[in-house]
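Peer 1: Once you've had a glance at the structure underneath, I'll fire off some questions.
Computed from the coordinates by the stated procedures, all read-outs in this text should not be read as laboratory data. Treat the numbers as computed from the prediction; the structure is a model and nothing was measured. Please note: Cβ atoms are built from the backbone with ideal geometry, for glycine as well, and neighbour counts cover all protein chains shown.
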Amino acid sequence: MRRSPSLLAGAVLVVALAAPAVADSADNGFTIKDPRITESSGLAASHAHPGIYWTHNDSDDGAYLYAVDSRTGRTVATITMSGVGAPRDVEAISIGPDDNLYVGDIGDNLGGKWDHVWIYKLPEPKVLKDQTIRATQYVVKYADGPRNAESLMVHPKTGRVYIVDKNEDGGHLYEGPAQLSASGTNVFKPVATIDLWATDGAFSPDGKQLAVRGYFGGIAYDWNGGKIKRQGRLNVPLQGQGESLTYTPDGSELMYGSEGADSGVQPESVPGYPGSGSNSPSKGGSSASGDNGDGLSDGFKVGAIAVAAAFAVVIGFKRLLRRS
């Protein structure tokens, strides 16, 4: 999703001053080095290829998916999806228990003007090479009307697809049908409140935890059979335009990505995971790097406040314009 130039300029300046460089290794994060990937808006850890993460650009980049090697940051395969027409605003990617890639063309830059959006499903390739793969296209509508969204998650045990809409005042978790239909409309229904301006979400590999991130924070939920319970805050790193999230294959860390050229993907602890440093998720969690329980380390606090202030100014102007 595109942002105003003034806001992005401020965010980039603060991040340049406050954020550390991202090392090129699977353990320490990596930098996406492909010059074609300038708006990485989704992230999913491969099931078939250790160390590989799938990503994509948002908006009108085309029907492309990129396999990025976390050990080098380089793209090792480009997938062209066929059978899907022209994507409008691809915002999310996830992998189901069937080892299919699910791609969410669910963004709406018009603020909820499109009466339907799409999900594309295709098998994760067994061989990493540039290739064209036919995808199945699913039509999606929301039970309570059109909306913007950037978060799509497939439950790793049931295969059910979920979406979190994006709203600055907080959104909702939407549940899809038990099985998606390629011949009819798939209606997603709100089942829970998400207290976040959400930019991405992911299920833990065991399906017991749902993580949802925003620009400056995130929330971990106990899945609880779909009746989610808040566990605590996520340790979201300070990024220029943080829009992607996935668990590592073993569930020990969360990987956070951002839009922008040469964007970094950074690992952080998982609330409640043994040895993660987040020993009390029910009380909000804590950072392994010594934060105060709000998901940001002390070294990032000043920068985060500055960027948050910039967002607040922009949102204030938006609300004034609405009133006028």
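Peer 1: With a 10 Å radius around each residue's Cβ, average the other Cβ atoms per peptide and rank 232-241, 108-117, 31-40, highest first. Before the final figure, lay out the partial values.
Peer 2: On the way: 232-241: 25.3, 108-117: 14.6, 31-40: 18.3.
So the order, starting with the most tightly packed, is 232-241, 31-40, 108-117.
Peer 1: Among all the aspartates and glutamates, which ones have a C-alpha under 17 Å from residue 208's C-alpha, if same-chain residues fewer than 8 places away are not counted?
Peer 2: 175, 222, 250, 253
Peer 1: Can you spot the aspartates and glutamates whose alpha carbon is less than 18 Å from residue 33's alpha carbon? Ignore those fewer than 8 places along the same chain.
Peer 2: Excluding near neighbours in sequence, the set is 24, 58, 61, 69, 130, 243, 259, 262.
Peer 1: In what order do 71, 213, 160 fall by count of nearby beta-carbon atoms within 10 Å, going from fewest to most?
Peer 2: Working: 71 14, 213 32, 160 17.
Ordered from fewest to most neighbouring Cβ atoms within 10 Å, 71, 213, 160 come out as 71, 160, 213.
Peer 1: I need the calculated FRET efficiency for the pair residue 183 and residue 98, taking r as the beta carbon distance and R₀ as 30 Å, to the nearest 0.05.
Peer 2: Numbers: r = 19 Å, r/R0 = 0.63.
Once rounded, the FRET efficiency stands at 0.95.
Peer 1: Exceeding 26 Å between C-alpha atoms, which entries from my cross-link table qualify? They are 141/227; 121/189; 126/229.
Peer 2: Table pairs above 26 Å Cα-Cα are 126/229.
Peer 1: Under a crude label model (7 Å from the Cα following the beta-carbon direction), how far is residue 76 from residue 229 in nanometres?
Peer 2: Output for this residue pair reads 4.0 nm.
Peer 1: Please give the charge dipole size of region 115-239, origin at the Cα centre, charges +1 on K and R Cβ atoms and -1 on D and E Cβ atoms. Round to the nearest 20 debye.
Peer 2: Details: 16 positive and 13 negative charges, 89 e Å.
Computed charge dipole of region 115-239: roughly 420 debye.
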